[in-house]
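First up is the structure itself, then whatever we jot down about it.
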């Protein structure tokens with residue numbers, strides 16, 4: 001069975017059913033999983049991955065051989081596949097469709113021991129350019145409506161290998177959570193003719209108590225209604241709706257700031273597990289008619305990176321209500337992160 | 001700082017900021033936390049808890065002394081407090097209010113070694129009656145709009161003590177996730193004059209491949225769009241919107257079925273961490289005007305218990321999109337749970 005997406009009329013959200021082949025019931029205890037065993041992403045083990053889509057390589061080195069700084073490969077165990085039709089079907093009152101899309105891995109470094117905070121200036125810049133350019137390339141497939149770029153650090157944050165890597169998944173639907181945020185931004189813009197996230201930034205820069213770090217063009221802050229302990233968002237201070245629009249110069253400044261924040265989190269919290277996810281704009285050039293409410297996306301949307309440390313375990317309360325409980329006021333979190341000496 | 005609830009106009013959801021006093025940054029690594037240390041919930045340690053609200057006790061035993069089968073106490077570290085005004089305020093474009101509500105613990109057994117699947121018939125029946133009666137009592141406070149009853153089993157599922165206990169939290173707002181489901185059920189009813197969840201049950205009982213166990217009055221099944229591996233819902237086969245309406249007889253049948261399902265999950269998956277949460281109807285007798293769309297709650301809503309095994313770790317994908325990835329097709333999960341020999 002290939003991955004499929006399922007929807008029920010009660011929860012009104014898609015779930016991806018992506019069976020892992022050959023898994024036995026006793027294999028489900030992920031807590032026991034070793035993420036530091038054999039490293040298929042290490043330099044020299046290129047034959048363990050699928051063939052590379054892109055790489056930054058030393059002159060003269062060969063595709064799928066050693067001599068690279070970073071590589072992009074299709075995920076061997078994808079939640080989505082490029083092949084196949086969308087094939088939307090009903091099943092009584094339920095709906096399903098094929099898991100059409102793309103699922104790529106950015107292997108960030110040749111060695112598992114070089115984590116993002118340790119990368120040198122050019123390396124981290126190259127990583128940012130790769131993020132942008134892969135999104136640009138994926139959105140050339142006009143079936144794809146949305147792309148999520150995310151990174152899982154540490155087993156408790158869902159990493160299945162400790163080797164530093166980012167995942168990029170592109171899909172044929174816009175997730176409800178994102179659609180709701182797009183709608184909120186649109187409503188705000190309709191009311192006030194201003195971008196909601198620009199307004200949030202203005203307030204953050206004014207109140208200052210949730211700021212972690214500010215640069216010329218970007219800001220890192222702990223959001224007012226943080227879901228997670230030490231949650232930190234990074235956003236452009238200028239209005240920009242789509243990460244694809246980032247210039248090389250802005251990418252450099254943004255990636256340095258990301259490295260700075262991740263270094264602070266690592267130092268302040270003893271290298272905690274975390275996720276980060278880039279929330280950018282949906283594809284404005286899809287096959288399906290563009291929903292009317294997105295016609296002003298360029299004016300009312302604003303991309304952001306969310307860094308989500310995983311210091312507690314989500315429990316029944318969160319899954320029953322959708323409410324999160326956070327035990328660190330974001331003002332305290334920001335103060336602690338600001339105080340880290342780098 | 002007491003707990004407060006915060007809302008931002010982008011995510012449009014409330015987050016509970018509930019600082020734990022005296023916590024230091026190094027304390028955040030919950031992974032290292034020992035949930036099997038000193039047991040404040042054990043019989044004989046009653047002075048370690050707040051004063052009991054309710055207990056089932058041997059004749060002649062004293063309140064807050066030994067000799068009980070189960071006890072209900074206010075949570076010592078509550079996300080919500082009964083005291084205080086709602087105190088809704090703005091902060092620029094953000095909103096906040098006090099964490100007014102109630103947060104109780106049902107200590108299910110005198111010993112941490114008697115987990116729910118081992119409870120005898122009368123004990124588990126008493127637990128179910130306690131669930132119902134606490135909800136009835138809490139909803140007498142007309143400030144409270146919603147109640148969530150949940151249980152965290154195992155550290156990875158958010159339990160901070162291994163002693164079996166259930167939590168009941170009552171709050172002054174209906175969580176967005178629940179409000180959206182209520183709306184979905186309402187929309188379905190408007191269209192078809194039938195309860196959405198009754199329709200789902202009809203399809204499940206017809207297709208049979210996701211059924212785990214069926215009794216005269218209740219059904220346990222793995223939902224079509226399960227978010228979690230081996231997710232299982234238990235629902236009344238008859239239409240009932242509010243758990244408070246459960247008769248003693250139905251409680252007995254329901255709790256036996258819950259015990260049966262939890263025993264199957266424990267046996268099939270090597271005692272996995274899990275959450276369960278009861279999704280019942282909001283308070284129909286609150287101080288605030290009842291929203292118009294809930295006027296048909298009694299006709300269009302249907303309560304359920306969701307059991308959510310925690311066999312994988314949620315990662316950046318889930319938090320960035322709200323989509324869940326589930327690696328076990330619910331048909332396979334149900335087959336495996338049905339096959340367990342009790």
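Yes/no per residue for (1) facing chain B (nearest Cβ under 9 Å); (2) within 24 Å of residue A:304 (Cβ to Cβ):
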{"site": "A:87", "(1), (2)": "no, no"}
{"site": "A:94", "(1), (2)": "yes, no"}
{"site": "A:99", "(1), (2)": "no, no"}
{"site": "A:105", "(1), (2)": "no, yes"}
{"site": "A:132", "(1), (2)": "no, yes"}
{"site": "A:137", "(1), (2)": "no, yes"}
{"site": "A:157", "(1), (2)": "yes, yes"}
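Select from the stretch B:145-170 the residues that are assigned to a loop (DSSP other than H, G, I, E, B) and at negative phi and list them in ascending order.
B:145, B:159, B:160, B:161, B:162, B:163, B:164
Residue A:209 passes all but one of (1) more than 10 Å from chain B (Cβ to nearest Cβ); (2) within 23 Å of the chain's Cα centre (by Cα); which number fails?
(2)
Kindly state which helices (runs of 4 or more DSSP H) lie completely within the stretch A:262-342 and contain at least 2 residues that are facing another protein chain (nearest Cβ under 10 Å).
A:316-321, A:330-338
Provide a single number: the residues in the stretch A:178-189 that are without any contact (Cβ under 8 Å) to a residue 12 or more places away in the chain and over 14 Å from residue B:8 (Cβ atoms). Lay out the reasoning, then the answer.
In the first step, residues of the stretch A:178-189 are kept if they are without any contact (Cβ under 8 Å) to a residue 12 or more places away in the chain; the result is A:179-180, A:187.
From the residues that got through so far, the ones that are over 14 Å from residue B:8 (Cβ atoms) too are A:179.
Result for the stretch A:178-189: 1.
Right, residue B:229: over 20 Å from the mean Cα position of the chain (by Cα) and either over 22 Å from residue B:136 (Cα atoms) or in contact (Cβ under 8 Å) with a residue 24 or more places away in the chain (or both) or not?
Judged against the criteria, residue B:229 is not a match.
Select from the stretch B:80-105 the residues that are in contact with a helix residue (DSSP H, G or I) (Cβ under 6 Å, 6 or more places away or on another chain) and in contact (Cβ under 8 Å) with a residue 24 or more places away in the chain and list them in ascending order.
Once the filter is applied, which keeps residues that are in contact with a helix residue (DSSP H, G or I) (Cβ under 6 Å, 6 or more places away or on another chain) and in contact (Cβ under 8 Å) with a residue 24 or more places away in the chain, the stretch B:80-105 yields B:93, B:102.
Does residue B:200 satisfy the condition of being buried (at least 19 other Cβ atoms within 10 Å of the Cβ), under 30 Å from residue A:180 (Cα atoms) and either modelled with pLDDT under 95 or within 10 Å of another protein chain (Cβ to nearest Cβ) (or both)? If you could, list the steps in order and put the result at the bottom.
On the way: buried (at least 19 other Cβ atoms within 10 Å of the Cβ): yes; under 30 Å from residue A:180 (Cα atoms): yes; either modelled with pLDDT under 95 or within 10 Å of another protein chain (Cβ to nearest Cβ) (or both): yes.
Yes; evaluated as a whole, the condition is true for this residue.
Every residue in the stretch B:162-181 that is more than 10 Å from chain A (Cβ to nearest Cβ) and surrounded by fewer than 21 Cβ atoms within 10 Å (Cβ to Cβ), please.
Correct list: B:162 only.
Residue A:109 is checked against (1) within 14 Å of chain B (Cβ to nearest Cβ); (2) over 17 Å from the mean Cα position of the chain (by Cα); (3) buried (at least 21 other Cβ atoms within 10 Å of the Cβ) and fails just one. What number does that condition carry?
(1)
Condition first: farther than 12 Å from residue B:328 by Cβ and without any contact (Cβ under 8 Å) to a residue 12 or more places away in the chain. Now tell me which residues in the stretch A:1-18 satisfy that.
Result: A:10, A:11.
The values are calculated or read from the model by the stated rules, or taken from the named source; none is laboratory data. What you see is a predicted model; the values in this text were computed from it and never measured. Don't worry about glycine lacking a Cβ; one is built from the backbone with ideal geometry, like all the others, and counts go over all protein chains shown.
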